[in-house]
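To start, the structure itself, in structure tokens.
The values are calculated or read from the model by the stated rules, or taken from the named source; none is laboratory data. None of the values given here were measured: they were computed from a predicted structure. Here the Cβ is made from the backbone with ideal geometry for all residues, glycine too, and neighbour counts use every protein chain on show. Accessible surface areas use protein heavy atoms only, side chains included; no ligands, DNA or RNA. Shrake-Rupley method; radii C 1.70, N 1.55, O 1.52, S 1.80 Å.
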Amino acid sequence: MPHDDSEAHVLELPVLAVRDSVVFPGIVMPVLVGRPRSRAAVEAVMSGDADEKRLVVVAMPDPTVEEAGASDLHTVGTLVRVIQLLKLPDNSIRVVIEGIERVAVEGIEAEEPFLLGRVRPLRVENAATPEAQATLRSLLARFKRMAELAPYLPEQLVTAAMNVSDPEAFAEFLAANVNVDLDVRQDLLETLDVPERLGKLLRILNEEVELLELGSKISEQVQGEIDEQQREFVLRRQLDAIRRELGEDDESAEYADLAEQIKAKPLPEEARDEALRELRRLEKIPSASPEHSVIRTYLDWMLELPWGVRTEDRVDVAVAHRMLDEDHLGLEKPKDRILEYLAVRHLKDDMRGPILCFVGPPGVGKTSLGQSIARALGRRFVRMSLGGVRDEAELRGHRRTYIGAMPGRVVSALRRAGSMNPVIMLDEVDKLGADYRGDPAAALLEVLDPAQNDTFRDHYLDVPLDLSGVLFIATANVEDTIPGPLLDRLETIRLPGYTEPEKHEIARDHLIPKQLDAHGVAGTAGGGGAGVAAQVEITDDALGELITGYTREAGVRGLDRQIASLVRKAAREMVEGAVAPVRVDVAEVRAWLGPERFEPDVAGEQDEIGIATGLAWTAAGGDVLFVEVAVVPGSGKLTLTGQLGDVMQESARAAITWARRHAPDLGLDPTWADAHDVHIHVPAGAIPKDGPSAGITMTTSLVSALTERPVQRTVGMTGEITLRGKVLPIGGVKEKLLAAHRAGLTKVLIPSRNRKDLADVPAFVLDALDVVAVADMDEVLGHALGERIPSSGLGRETRHLSA
């Protein structure tokens, strides 16, 4: 914009002296104001009444001067408008200014409290001449070339420059953004002729482009001359220098150590190649990157696995037999099967191990039997709990694409074992779950299949693992919930519940010594000699009281807890001054543990009408159950309570139908069911029940209620009933007879086709019980009611139920 040189255009404005920067017209830029005179100048401008907050910005030739005077300023500056002001916490001011026009500083009128200058606007020349347009085109071409060679220039800057068509505006824009010294910038500000200023800028850009082209040419020549080996050497030297600067110099030695460990490990070829490949990736990734820790964790897992490590099996059958007998009382069938396996291993070393599955109630020693097998074989033992596992990745691992991925439980078990042929116990396989994340039972199929598990792949490691040397042993409480394909791969061995004599012996030989040692006291059990250091003596009668009155279980876990409670009480007696040894008899058991928690369900009670004693099998072993039947006037409705399952409900309907069909044989009115309701209840009501073995019990209880004949309460029974009155075989005979013996029954009725199962029942149980094999309901009623029902009702007086 041209201006006159007359005195009328001379202005008096505050002057802001700046270091290291030059402001050009049309350019918006921030300035940090910290010196007292500069702050006073800005504050004076902002507090004035003028609409445009204007002042003059002048560069200082010597930036080391603290407070500039008239002699410390250039003679040409820029008139600017203050757009924004921001006061900072350190008492400095940040202002955003916009250049308006060039001015000549003709003098300084005052220096306090700020510089007040007399300035005159300067006129630019030849802004719209053809020479200026021609120079602009050349300048735009060189600027575009520089942008191609210098990727450090911001894309926004290049785009803005390409959109400027006015020579004067482009000269101001380029002068403000070109990388030159302060003196060159000031010279460009003082150059009023636009073509001349554009020419200076063109020379500056030509020099910059030549330097950039020369650097690019040299780089290409050097790159072509260095061969691959020299290039790798240079790069590694640079990498070492960078690592030294970052404090990572020790990583090279660490990587070399990892490489040596990988080469020393007897890894399969595929596993070694994968580990070395991941190590090469690790060397190229910065240690601060999250991927670095992921790869390092993977390599740690690969190196911690016991590749090629195998323990030598001990196949001395006699020694193994002695160890099994020392650790476990009874359990003859499982022991025989284990010894058979050892005998075959003695004859054939490369035999693939069977997958044994111990099925039995809690506390009968399934897990400890697995530990004994490992001890007998001389192998390491690892327990893997599968109860509640629902995610397939728990067994097979997570893929490394997931954050926090880890190997599965199988790989973790091998690492804990420290060998590739341990005994791995798959505990509670009957409690595996399945949901949208997969089926863990299906993942176990590959693990347990001898034809596939020598190349098992964990999702995390993704290399083949040989599991053929692992001896897998599974445990379960019941077979019903184990998936069929998985059960097909298992050799099931049932572990029955312990008898009372066996519990007595286990407590005396194992549980009491264990608890005495755990509580820091010495003692004896069974009323024998106290010994040298005996402090606690538990009598045989006290043990019997614990077994019968305070526990009711197939195993010995509850008994172990009760013994621990007695030992704690005895320890307290000793600390409080009791004379050792502390003798624990029946009186102490009842005083310390309270009243008996369990009583015989039959002993001491009278025979009753409509109540029969049945026998059931549960996951905790055998148990007794009572079936109660009430017949009341009604319309023929059947009510079933006690949380009966579908099979038990069907047994109840079969009992009703049998009773209606044999009403004449029972001395009943054939139409009794039309005028009466039948209610069948099986306590306890909170426990779900199911199964067919209560069929004859329900029928006996119903007949007792209809004929008003009491059932002998010392008689227990189990068996499935048909509509013809036949008694079909059932399972769990041994457990049910043990339960009958515990409950104090004297006679037990079992199906005649279950006679073969009596071979597994202990002799003392058979001696105490009168076990009767029955084939039909006539025999059952004859034993249970004390009166045999004839096969035909002819000639018998028909009995009518009172309405």
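Here are some notes:
- Taking the square roots of 5 times each eigenvalue of the Cα gyration tensor of region 684-747, largest first, gives ellipsoid semi-axes of 19, 16, 13 Å.
- Sorted largest first, extent of region 355-487 alpha carbons per principal axis (Å): 43, 33, 28
- Structure-derived volume of the Cα convex hull per residue in Å³ - corresponding label in [x] 180; [y] 362; [z] 164: [y]
- Structure-based [θ]222 nm, the chain - -39500 (n - 2.57) summed over DSSP H runs of at least 4, per residue, nearest 500: -13000 deg cm²/dmol
- Taking amide H as placed 1.01 Å from N in the peptide plane, the amide H of residue 380 sits under 5 Å from that of 423, each at least 5 places away or on another chain.
- Using a simple spin-label model with pseudo-atoms 7 Å out from Cα toward Cβ, residue 159 and residue 66 lie 4.7 nm apart.
- Taking 18 Å as the cut-off, the amide N atoms of region 686-708 that come nearer than this to a point 7 Å along the Cα-to-beta-carbon line of residue 608 belong to 686-687, 697-708.
- The listed residues 346, 74 rank as 346, 74 when sorted by accessible area, largest first, using a 1.4 Å probe.
- DSSP finds beta bridges in region 624-748, and of those with both partners inside it, around 55 percent are antiparallel.
- DSSP bridge analysis restricted to the chain gives an antiparallel fraction near 55%, rounded to the nearest 5.
- In order along region 137-145, phi translates into HN-Hα couplings of 4, 4, 5, 5, 5, 5, 5, 5, 5 Hz, rounded to whole numbers, per the Karplus curve 6.51 cos²θ - 1.76 cosθ + 1.60 with θ = phi - 60° and x for Gly and Pro.
- Sparsely packed trypsin sites (Lys or Arg not before Pro) within region 322-369, loop by DSSP, other Cβ within 10 Å at most 16: 348, 352
- Difference of contour (0.36 nm per residue) and Cα-Cα distance, residue 462 to residue 293: 59.0 nm
- Extended-chain gain in nm, criterion 0.36 nm per residue less alpha-carbon gap, residue 92 and residue 220: 41.2 nm
- FRET E, pair residue 177, residue 273, Förster distance 56 Å, beta-carbon r, rounded to 0.05: 0.55
- Put simply, the amide H of residue 776, placed in the peptide plane, has neighbours under 5 Å in 727, leaving out anything fewer than 5 places away on its chain.
- For residue 74, the residues whose modelled amide H falls within less than 5 Å of its own, excluding neighbours fewer than 5 places apart on the same chain, are 59.
- Residue-by-residue Karplus 3J(HN,Hα) for region 609-617, coefficients 6.51, -1.76, 1.60, Hz, glycine and proline x: 7, x, 10, 10, 9, x, 10, 10, 10
- Label-point separation in nm, residue 104 to residue 344, each point 7 Å along Cα→Cβ: 11.4 nm
- Residue-span extension gain [residue 478 to residue 35] - 0.36 nm each, minus C-alpha spacing: 150.7 nm
- Computed over region 20-123: relative contact order in percent, which uses C-alpha pairs under 8 Å that are six or more apart: 32 percent
- Both radii are taken from the alpha-carbon atoms of region 596-738; with Rh as the Kirkwood radius, Rg/Rh is 0.96.
- Gyration tensor over alpha-carbon atoms, region 407-461, equivalent ellipsoid semi-axes in Å: 19, 13, 12
- Annotation for region 428-530: GluC sites (Glu not before Pro) lying in DSSP loop with at most 10 further Cβ atoms inside 10 Å of their Cβ do not exist.
- Within a straight-line Cα-Cα reach of under 28 Å, residue 736 can be paired with the following lysines, leaving aside sequence neighbours fewer than 8 residues apart in one chain: 333, 335, 366, 431, 503, 689, 726, 747, 756.
- Mean Cα-pair separation over length for the chain, i.e. relative contact order, pairs under 8 Å, 6 or more apart, %: 7 percent
- Extending 7 Å from the Cα toward the beta-carbon at both residue 47 and residue 9 defines two label points whose distance is 3.3 nm.
- Of the GluC sites (Glu not before Pro) found in region 309-343, the ones in coil according to DSSP and having at most 10 other Cβ atoms within 10 Å of their Cβ are 312.
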